[in-house]
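Below: the structure, in structure tokens.
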Amino acid sequence: MEIEFGIFRSKGGRYVCHHVTMPGGEPISRTAHIEGREAASDLFFIGKVSTWSFQKGFGWIQPSDFYALPKSVQSAVLDHQHENNTTRKQREKSRNYPESAAWSECLYARIVDKAIPGQRFRKGDAVRFKVYLGSNGAGASDIELLEGL
């Protein structure tokens, strides 16, 4: 990855890097530049929180209709599930993975994927979200709680 930055020598004689950006001055974003995320659709989808670990800062979102997601997202989720099928029993025993039978149709989400920082997600909460494809597979982003559902 190419970056631009400035270097100066501190009073203590150490070299310090500052103003680290992408070429042209664009701020570096973990989601866009490091994980290679690209929006798979501009549409919002409906689902529920399958599991969420507040302490670890990530969880799983189960779409209401998995087959309504873009085909590229479906393929990425199912491919990831197939690649990791050997450790399925270990995942099912883990508290950090979805308990539902449709765990393989869940989308990964991190705390930074919340549309409103500070919102607390609990298992079973109805949410709306967008989907992305990245170097780590498919996931949910711009996640918002749906009130009254």
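Restricting attention to the stretch 115-149, the residues that are charged (D, E, K, R), modelled with pLDDT under 90 and assigned to a strand (DSSP E or B) add up to 0. When restricted to residues that are within 15 Å of the chain's Cα centre (by Cα) and either modelled with pLDDT under 85 or more than 19 Å from Y132 (Cα to Cα) (or both), the stretch 53-94 contains 4. Scanning the stretch 1-10 for residues that are part of a loop (DSSP other than H, G, I, E, B) and either at pLDDT 90 or above or in contact with a Lys or Arg (Cβ under 8 Å, 6 or more places away or on another chain) (or both) gives a single hit, S10.
Within the stretch 36-67, the set of residues being in contact with a Pro (Cβ under 6 Å, 6 or more places away or on another chain) and assigned to a strand (DSSP E or B) comprises F45, G47, S50, T51, W60.
I'd like to check something: does the stretch 11-27 contain any residue that is surrounded by 14 or more Cβ atoms within 10 Å (Cβ to Cβ) and modelled with pLDDT under 85? Checking the stretch 11-27: at least one residue is surrounded by 14 or more Cβ atoms within 10 Å (Cβ to Cβ) and modelled with pLDDT under 85.
When you scan the stretch 61-77, how many residues do you find that are under 13 Å from A138 (Cα atoms) and either touching a residue at least 12 places away in the same chain (Cβ under 8 Å) or crowded, with 16+ Cβ neighbours inside 10 Å (or both)? Give the steps one after another, and end with the answer.
Step one: of the stretch 61-77, the residues under 13 Å from A138 (Cα atoms) are 61-63, 66, 69-77.
Next, from what is left, pick out any that are either touching a residue at least 12 places away in the same chain (Cβ under 8 Å) or crowded, with 16+ Cβ neighbours inside 10 Å (or both): 61-63, 66, 69-70, 72-74, 76-77.
Number satisfying all stated conditions: 11.
In the stretch 11-23, the residues that are under 25 Å from M1 (Cα atoms) reach residues that are modelled with pLDDT of 85 or more and of a type in the set (V, I, T) with C-beta atoms within less than 6 angstrom, at least six apart or across chains, in these pairs: Y15/I7; C17/I7.
The values are calculated or read from the model by the stated rules, or taken from the named source; none is laboratory data. Source: prediction; values computed, not measured. As a convention, Cβ positions derive from the backbone with ideal geometry for all residues, glycine included, and neighbour counts pool all protein chains shown.
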